[in-house]
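Visitor: Below you'll find the structure I mean.
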Amino acid sequence: MSDATLVSTPETPAVLPAEPRPPQPHDSNSLISMRDIWKTYQMGSEQVHALHGVSFDIPKGEYIAIIGPSGSGKSTLMNLIGCLDTPSKGEYWLNAKNVSEMDDDELARIRNQEVGFVFQTFNLLARATALHNVELPLIYGGIGSAKRHEMATQALTAVDLADRITHRPNELSGGQRQRVAIARALVNHPSILLADEPTGALDTHTSMEIMDLFERLHGEGNTIIVVTHEPDIAARAHRVVSIRDGLIEKDEKIR
Amino acid sequence: MYPPIFVSRHLTQMQMLTRLNPEAGKVAAPGRKRSASFLRLTALWDAFLVALGSLRQNKLRTSLTLVGIVVGVAAVISVVTIIQGLDNKVATTFSSQGSTVFTISKRPQIIKSREEFIKFNKRKDVTHEDAEAIGRLCSACWRVGVAANVRETLKHADQKFENVNVRGVTPTAMFDIDGRAIDVGRIWTDAEGISGREICVVGPDVLTNLFGGASADRVIGQEVRIAGRPFQIIGVLEPLGSIFGASRDSVAYIPYSTYQKIYGARDSIVVFIQVPGAEQLELAEDQVRTVMRNRRGGLFNQEEDQGFALETQDVFLDLYGKATANIYLVTIGVAAISLVVGGIVVMNIMLVSVTERTKEIGIRKAIGARRKDILTQFLIEAVMVTALGGAIGVLTGFGLAYLIAALIGFPLLISVASAVLGVGVSSVVGIISGLWPAWRAARLDPIEALRSE
């Protein structure tokens, strides 16, 4: 447990998050503040706890990797952080908003404004151009078309794809596709960039390019969360949180 | 400490800048705010563009859906157009006598019951004297004529032509009142008409059936036997064609005096009154009614039978309208079923489309599409396809109707109303059949949807 993980204040002493403890008020200095998060699924007659009582904080501007084997609950945690799902129990504060009590449409709005997703399989609209793919979050954000075009072009330029804006995904290489996805994730200037195995579908060389890009984006002040099972990828982050059996096993600052 | 980012549903541009640079937000916190209705309009326009994009990206699916709706709308439009054309033809046919003619007769042309028939039969016959009185006393009347009809068999040499309408008329202006014109030959003179000579003017069907289709000028002067008496053909009428399969050219006009000589005054006649213009019609009808009531013994009491029937040609149109209304309803109903089938096709394809695009829906939801956005997108897609299908269907329908009209031979009426209705109805079909698939799409769980392939 590093000192940077929790900002110590008289009210919230820095304690190990995995330890059982009484509910704490969320840390208003953190961008992400999870308090005793449980996620329970009903499998037939049995209750399966994917997460049992996870608590941690992520300050603004941090580059963090969440690592764990499959079945550890890291996907569930990622879905919760990305506001694709809500916890069965516990509080999740994202950018000073209590996400854990939101309904579907409010969550959609949070995803649109606060979260930029980067997926393993890119998840671009196959038949749409790079520009249209990047414009998509802005459409749902209610940005006018001229402004949208400008912002999307900027975002694509920022990932060195200015000359590919009219290309469709199938006309782009894997690395280029992932960069389109990153541009799409960043175009709305979200609070967090949430990447799920971002290099899982890429060769080593391209993977390194993408990780270099993440580093650059982090340097520009973005908060980046990478969910992965690859130690190499996790090693690029500044802090690594290891998940096992629905609990935080280790939380260490490595850089 | 955080700027109130979610005051409006969407970020304003100023707040976007706040995001980029938190310092800027503190200075310009109120920002420039767009009105809610403007945002809604923009959102709808964007939804339209999204739908348009996805329709263009799935050309095969779009065209399949189009076919479904085109067939339905085309069926309805062609049926409606043909019916309107038919109606129009009937209306013009019946009003060939014009709206300036009305008749006085013993019995109305349409009798609705046995009781009525008995009642009308008790009436006094309408006679030649009645016609004379009308001609003398009705100042608003222009021309007055009488006509009596009988179905008769015509013979020439060894040829027979049965069920010919033999029409005794006077004066010769009756040809004009009937809307008939001479093709070849002549009409009899007034002197010939009064003298009761056995001469006749025949319709073209008589030539076909008795003279082997000989040309009209070779028939003039020939003899034809009506009720066993020899009549000389002095003229042939221009054809009027048939209506509902009944030929209006199977006719022989003879002078009324001749008709009386053969058939006596055993049946009532019909008095035809023509006024110079439609505006005099009402006055003339009042005058004629007064004359007739006086001649029938001054029965002014409305409760009692006035003893005669005064009719314009509208009665035919009314009867036609009543008789065909239900047939049309059924026909349009059958055509409408194909539109329903079209709607089901749309629903089916939209459902397939939702299943096929589960991943896409997942992506859209992950990056911030709300249920409403997805619902709107799929609904707009459905409506766009069906509205476009409706438009193409309307054009195809008109084209079909045009072809059929050209084959049957009647003038075509293309109405803007039915075109608008066609597109409108198909759009409604689109909404109805798109609703369920769109709702299913909107309800998808983003995590599940993203996982699908």
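Every read-out reported here was derived from the displayed coordinates using simple, explicitly stated rules and does not represent laboratory data. Fair warning: this is a prediction, and the values are worked out from it, not measured in the lab. Positions of Cβ are generated from backbone atoms using ideal geometry, with glycine treated the same way; all protein chains shown enter the neighbour counts.
Visitor: Taking neighbour counts of Cβ atoms within 10 Å as a proxy for exposure, in what order, fewest first, do A:Asp203, B:Asp178 appear?
Guide: Ranked by crowding around the Cβ, least crowded first: A:Asp203, B:Asp178.
Visitor: Note down the relative contact order for chain A as a percent, whole number, built from C-alpha pairs under 8 angstrom at least six residues apart.
Guide: 26
Visitor: Could you size up the charge dipole of chain A around its Cα centre, putting +1 on the beta carbon of Lys and Arg and -1 on that of Asp and Glu, and report it in debye to the nearest 20?
Guide: Magnitude of the dipole: close to 440 debye.
Visitor: Could you derive backbone 3J(HN,Hα) for the range A:214-225 from the dihedral phi with the Karplus parameters 6.51, -1.76 and 1.60 (θ = phi - 60°), listing whole Hz in sequence and x where the residue is Gly or Pro?
Guide: Those phi angles translate into 4, 4, 4, 4, 4, x, 7, x, 7, 8, 10, 10 Hz.
Visitor: Over the whole of B:359-365, what's the average partner chain Cβ count within 10 Å per residue? Rounded to a whole number, please.
Guide: Mean partner shielding for this stretch: 5.
Visitor: Suppose every K and R has +1 on its Cβ and every D and E has -1 on its Cβ; what is the size of the dipole of the range B:99-313 about the Cα centre, in Debye to the nearest 20?
Guide: Computed about the Cα centre, the dipole is about 640 debye.
Visitor: What's the FRET efficiency of B:Ile111 with B:Val340 using the Cβ-Cβ distance as r and R₀ = 35 Å, to the nearest 0.05?
Guide: 0.25
Visitor: Average partner chain C-beta neighbours within 10 Å, per residue of B:340-353?
Guide: Taking all residues of B:340-353 together, the mean is 0.
Visitor: Can you count the Lys pairs in the range B:99-313 whose Cα atoms are under 28 Å apart, with each pair 8 or more apart or on different chains?
Guide: 10
Visitor: Let me ask you something else. Quick one: which residues, 5 or more positions from A:Gly90 or on another chain, have an amide H under 5 Å from its amide H? H modelled 1.01 Å from N in the peptide plane, none for Pro or chain starts.
Guide: It is A:Trp38, by chain and number.
Visitor: In percent, how large is the relative contact order of the range B:137-223, given Cα pairs closer than 8 Å and 6 or more residues apart?
Guide: Normalised by residue count, the contact order of the range B:137-223 is 26 percent.
Visitor: What dipole magnitude, in Debye to the nearest 20, does the protein assembly as shown give about its Cα centre under +1 on Lys/Arg Cβ and -1 on Asp/Glu Cβ?
Guide: The dipole magnitude comes to about 880 debye.
Visitor: Work out from phi, with θ = phi - 60° and the Karplus expression 6.51 cos²θ - 1.76 cosθ + 1.60, the ³J(HN,Hα) of each residue of the range A:240-246, listed in order in whole Hz, and give x for Gly and Pro.
Guide: In residue order, the calculated couplings are 10, 10, 9, 10, 8, 6, x Hz.
Visitor: Along the charge dipole of the range A:163-220, which of A:Gln178, A:Pro198, A:Ile210 sits closest to the positive end, that is, farthest toward it, with unit charges on the beta carbon of Lys, Arg, Asp and Glu (+1, +1, -1, -1)?
Guide: Of the candidates, A:Gln178 comes out farthest on the positive side.
Visitor: If packing is taken as the average number of other Cβ atoms within 10 Å across a peptide's residues, how do A:241-247, B:86-92, B:253-259 rank, most packed first?
Guide: By packing density, highest mean first, the sequence is B:253-259, A:241-247, B:86-92.
Visitor: Which whole-number percent is the relative contact order of the range B:99-313 (Cα, under 8 Å, 6+ apart)?
Guide: Computed over the range B:99-313, the figure is 35 percent.
Visitor: Which of B:Phe175, B:Ile220, B:Ala191 sits farthest toward the positive end of the charge dipole of the range B:146-222, with +1 on the Cβ of Lys and Arg and -1 on the Cβ of Asp and Glu?
Guide: Highest projection toward the positive end goes to B:Ile220.
Visitor: Further, regarding this structure: Could you identify which residue out of A:Gly44, A:Gly53, A:Gly221 has the top mean-square fluctuation in a GNM of chain A using Cα springs shorter than 10 Å?
Guide: A:Gly44
Visitor: Beyond 26 Å between alpha-carbons counts as too far, so tell me which of A:Lys97/B:Lys372; A:Lys74/A:Lys147; A:Lys74/B:Lys372; A:Lys60/A:Lys89 fall in that bin.
Guide: Over 26 Å Cα-Cα: A:Lys74/A:Lys147; A:Lys74/B:Lys372.
Visitor: By residue number, which cysteines of the protein assembly as shown lack any other Cys whose Cβ falls under 4.7 Å from their Cβ?
Guide: A:Cys83, B:Cys200
Visitor: Residue-wise, which Karplus ³J(HN,Hα) couplings in Hz belong to the range A:81-91, taking 6.51 cos²θ - 1.76 cosθ + 1.60, θ = phi - 60°, and x for glycine or proline?
Guide: Each residue of the range A:81-91 in turn: 4, x, 6, 7, 8, 10, x, 6, 8, x, 10 Hz.
Visitor: Helix-derived [θ] at 222 nm for chain A: sum -39500 (n - 2.57) over DSSP H runs of at least 4, divide by residue count, nearest 500?
Guide: After summing the helix terms and dividing by the residues of chain A, the value is -9000 deg cm²/dmol.
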